[in-house]
Amino acid sequence: AAAEKGGYPWFMLKEIAEQPQAIADTLLGRLGRYGELVLDEVRLSDDDLRVVDKVFVVACGTAYHAGLIAKYAIEHWTRLPVEVEVASEFRYRDPVLDRSTLVVVISQSGETMDTLMALRHAKEQSARVLAICNANGSTIPRESDAVLYTHAGPEVAVASTKGFLTQLVACYLVGLFLAQVRGIKYEDEISSIVADLRTLPEKVATVLEQMEPVRELGRSLADADRMLFLGRHVSFPVALEGALKLKELAYIHAEGFAAGELKHGPIAVIEEGTPVIVVVPPRARELLHGKVVSNIQEVRARGARTIVIAEEGDEDVVAYADHVIRVPRTPTLLAPVVTTVPLQVLACEIADTRGLDVDQPRNLAKSVTVE
Ligand code: G6P
């Protein structure tokens with residue numbers, strides 16, 4: 001069994017370590033020589049894609065968080081309205097769909113029943129369905145009009161890690177491809193984002209090299225009874241994902257919030273010593289950055305133990321942070337690919353310290369094939 005895990009004590013640790021390669025595999029063959037997107041495998045004609053006037057992203061669990069991040073990128077790059085919804089709610093709501101709606105379903109396993117039922121509902125309403133999926137030949141891609149495989153390799157641990165990062169990368173590819181086909185963005189803008197995408201495997205590798213202090217921090221947090229995660233913009237879904245990982249693996253109650261909502265409620269639960277993890281936007285986003293730095297200050301003033309994820313060279317956070325976790329500088333929309341990694345490692349280490357089964361948490365299944 002140790003050999004299967006490639007020398008790691010848990011599949012999850014092995015899968016976390018595989019993320020740079022997994023991202024490279026998601027990008028492989030899809031970026032052209034001139035920085036254009038090459039997605040011939042997506043069997044939707046350019047005409048089909050040109051008539052799209054609205055995008056839905058539908059998924060469950062961690063894949064849903066990938067969808068929330070995709071919304072920021074796809075709307076920004078294509079100027080198409082994007083809605084994101086958990087699959088179990090989507091079809092019971094009678095969503096407005098027609099043949100000019102593109103429904104992107106995201107599923108690592110390709111077998112999640114809620115997502116499958118949502119996709120069938122979308123097809124009945126004659127929407128076009130594009131699947132982002134990891135498991136080759138699974139049910140969801142077979143029933144979709146088109147599929148973009150993430151090629152992350154088998155994911156065994158119940159909590160998704162490389163599945164999630166590669167879903168993000170696939171979402172970026174879809175957003176840029178839509179922008180390219182629809183002629184919304186200039187070629188040089190697309191090629192500059194493509195150049196940024198190519199640097200992601202190396203950036204994630206850099207984050208992974210610096211995880212020892214995060215593991216140590218994890219051990220010191222093992223008897224926390226709750227934690228808050230805060231972020232804004234694309235870091236808000238990252239906060240949700242960090243909280244989900246902690247709940248799934250460590251059974252610690254955790255919630256993710258949009259940092260701007262702090263004053264509208266969550267700040268009331270902060271007590272002396274409550275761990276609060278804050279995902280800080282790049283300094284280049286001056287306004288957002290400044291606001292999040294004041295949020296750190298606010299929770300610290302109320303006794304929180306502040307754990308801050310910030311880019312290299314961001315000195316503004318130092319005064320209010322009990323712990324700083326550094327990530328390489330990354331353009332805002334792509335930053336979730338790097339900022340999520342320490343949250344995965346943290347949840348894994350906390351669960352391990354608590355003596356829990358990291359790969360098979362209680363009550364959870366890798367793939368939920370019932371509604
Ligand atoms: C289950 C797993 C989650 C996963 C979700 C969606 O609940 O425990 O880790 O995010 O299903 O899975 P999918 O295979 O559709 O991405």
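Apart from one condition, A63 fits all of (1) farther than 29 Å from L246 by Cβ; (2) out of contact with any Pro (no Cβ under 7 Å at 6 or more places or on another chain); the exception is (1). Considered as a group, the residues in region 51-93 that are aromatic (F, W, Y) and farther than 26 Å from A335 by Cβ include one that is farthest from the ligand (Cβ to nearest atom), and that residue is Y92. Identify, by number, the condition in (1) under 26 Å from L246 (Cα atoms); (2) buried (at least 24 other Cβ atoms within 10 Å of the Cβ) that V158 doesn't meet. That leaves (2) as the condition not met.
Scanning region 204-261 for residues that are under 30 Å from I74 (Cβ atoms), in contact with a strand residue (DSSP E or B) (Cβ under 7 Å, 6 or more places away or on another chain) and in a loop (DSSP other than H, G, I, E, B) turns up just one, R232.
In region 234-248, the residue that is farthest from the ligand (Cβ to nearest atom) out of those that are among the small types (G, A, S) and closer than 18 Å to A224 by Cβ is A239. With respect to the conditions (1) closer than 29 Å to D196 by Cα; (2) buried (at least 24 other Cβ atoms within 10 Å of the Cβ), L119 lacks only one, and its number is (1).
With respect to the conditions (1) buried (at least 16 other Cβ atoms within 10 Å of the Cβ); (2) assigned to a helix (DSSP H, G or I); (3) within 16 Å of the ligand (Cβ to nearest atom), D48 lacks only one, and its number is (3). Looking across region 115-158, the residues that are under 16 Å from L102 (Cβ atoms) and part of a loop (DSSP other than H, G, I, E, B) come down to Q125, S126, A127, S144, D145. Of all the listed residues (I267, I296, I350), the sole one being buried (at least 17 other Cβ atoms within 10 Å of the Cβ), modelled with pLDDT under 95 and β-branched (V, I, T) is I267.
Can you find a residue in region 176-184 that is out of contact with any Cys (no Cβ under 8 Å at 6 or more places or on another chain), closer than 30 Å to P342 by Cα and assigned to a helix (DSSP H, G or I)?
yes
Whenever a residue of region 54-76 is within 8 Å of V104 (Cβ to Cβ), its partners that are of a type in the set (F, W, Y), lying with C-beta atoms within less than 6 angstrom and at least six residues away or across chains, give the pairs V58/F90.
The values are calculated or read from the model by the stated rules, or taken from the named source; none is laboratory data. Not measured: the values here are computed from a predicted model. In this analysis, Cβ positions are derived from the backbone assuming ideal geometry, glycine residues included, and neighbour counts consider all displayed protein chains.
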